[in-house]
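Asker: Provided herewith is a single structure, encoded as structure tokens, for subsequent inquiry.
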Amino acid sequence: MTRMVSRRCWQTGRTSVSNESIRSEFGEVLALVQEQMRDLSNIQQERSTMMARATAADGMVEVTVNAQRTVVKTVVDESYLDDHEFAELGAHVTSAAQAAVRQLDKRSEALLAPMNERRKAVSGIAGNVIGLPGFREALAEVTAMGDSLQAEPTPTENEGDDGSSFPTIRS
């Protein structure tokens, strides 16, 4: 990382930063921002298609959730009632859905980690570059894009939803 070299101007008594230092710092920040922008579209696409599946009741209840954390498929093994009470089914479905959402959250977090690190790096090295006209606004826009990725994905049509409100019974 390049450190700024300050010079005291003898005539004005003010500190100035060399153009070379600013150019170097700007180049580093610009490269990180460009990398961030390239990754943004890929990450949004990948997150929007994520699905997770989890089971409960010794694998007899299986729930699939999509990127919007919506249950899109529920499968109950037909032998479920041999070992479990019907009254427990709701709790098992809920448990499996929550486990699937936790899987999605972990995968999203891992997917976003490189972008979060780059954002921190940009903030850490931006120094005097932020004072350049228009740069602060551009940096704020990139930060806002990263923040929007931290939020839950926007709803889309439920993939795997056959329109039925009943779980599938697996035989």
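Asker: 7 Å from Cα along Cα→Cβ at both Asn19 and Asp39: what's the point-to-point distance in nm?
Answerer: It is 3.3 nm.
Asker: So how do Glu109, Glu25 line up by other beta-carbon neighbours within 10 Å, fewest first?
Answerer: Going from least to most buried by this count: Glu109, Glu25.
Asker: Any idea how far apart Ala99 and Thr168 come out in nm if each label point goes 7 Å out from Cα toward Cβ?
Answerer: Here the modelled spin labels are 1.8 nm apart.
Asker: Could you compute the FRET efficiency for Phe86 and Ala110, with r as their C-beta to C-beta distance and R0 at 41 Å, rounded to 0.05?
Answerer: Computed FRET efficiency for Phe86 and Ala110 comes out at 0.60.
Asker: Right, something else. Which far-off residues, 5 or more places away or on another chain, put their amide H under 5 Å from the one on Gln68, with H placed in the peptide plane?
Answerer: Result for Gln68 returns nothing.
Each value in this text was obtained by applying a stated rule to the coordinates, not by laboratory testing. Remember, it's a predicted structure, so these values are computed and weren't measured experimentally. Backbone-built Cβ (ideal geometry, glycine too); neighbour counts: all protein chains shown.
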